[in-house]
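See structure below.
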Amino acid sequence: MSKPQTATFRHYGISPWEIEVLYDTLRRTFEVEEIQVQPDDPQYVSMIEIAFPLAYDEAFFRVFTMPSWFKVKGVIKDVKRRRGKKGLKAFLRFDSPSGSLPAVTFPLMTKGDRQFEMGIEKIEYLVDIVPTQLRSIPPGTQEVWFAFDDLGYKWSPSVAKSSEDRNYVFKNNEWKT
């Protein structure tokens with residue numbers, strides 16, 4: 001099977017071993033562009049951002065495979081545990097190769113260990129609801145950011161970024177500028 005497009009793996013403040021495991025796991029399915037960046041937020045000693053070159057849907061989990069997904073999740077959770085209160089922020093982004101769907105980003109930035117773990121664990125369970133939620137986005141939306149509710153332990157749409165540099169916020173079950 002030929003490899004699809006390139007996954008982008010950006011990071012700072014993670015060990016060579018953590019880099020290698022994430023890189024090798026991504027490399028099983030994709031070409032990988034690895035970029036070590038400078039820290040950009042004093043609240044976090046580490047950052048992991050992975051942009052998958054596939055839309056967020058059931059096909060992603062078939063192509064990337066559940067064992068690879070579990071490995072990525074496990075490493076990110078281990079990094080979080082090792083950093084403790086010093087903080088890890090992680091971003092998991094899914095880009096539709098055809099551009100027919102907007103990119104979907106799940107930011108994990110909570111300082112609480114349990115909330116962080118619950119957030120990353122719940123991502124794969126959204127595969128049925130996210131496509132439905134994307135049907136109601138404003139026209140011209142290129143990217144949708146989801147937010148994790150630390151109290152309710154659930155993900156919901158938060159911000160839609162359009163091609164006209166407009167941002168929409170999802171409140172009370174509707175998009176507003």
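The values are calculated or read from the model by the stated rules, or taken from the named source; none is laboratory data. What you are looking at is a predicted structure, and each value in this text was computed from that prediction instead of being measured. Glycine gets a Cβ as well: all are built from the backbone with ideal geometry, and neighbour counts include every protein chain shown.
Considering only the range 148-165, I want to know if a residue exists there that is in a strand (DSSP E or B), acidic (Asp, Glu), buried (at least 16 other Cβ atoms within 10 Å of the Cβ) and in contact with a strand residue (DSSP E or B) (Cβ under 8 Å, 6 or more places away or on another chain).
no
Can you list the strands (runs of 3 or more DSSP E) lying wholly within the range 20-109 that have 3 or more residues being surrounded by fewer than 18 Cβ atoms within 10 Å (Cβ to Cβ)?
Numbers: elements: 31-36, 46-52, 88-94, 103-108.
Passing ranges, in order: 31-36.
Show the residue pairs that are 6+ apart or on different chains and have beta-carbon atoms under 7 Å apart, the first residue being within the range 93-112 and within 21 Å of Phe9 (Cβ to Cβ) and of a type in the set (Gly, Ala, Ser), the second being modelled with pLDDT of 95 or more and not in a loop (DSSP other than H, G, I, E, B).
Ala103/Arg93; Ala103/Phe94
Let me spell it out: the conditions are (1) under 15 Å from the mean Cα position of the chain (by Cα); (2) farther than 28 Å from Trp69 by Cα, and Glu143 meets all of them except one. Which number is the exception?
Failing condition for Glu143: (2).
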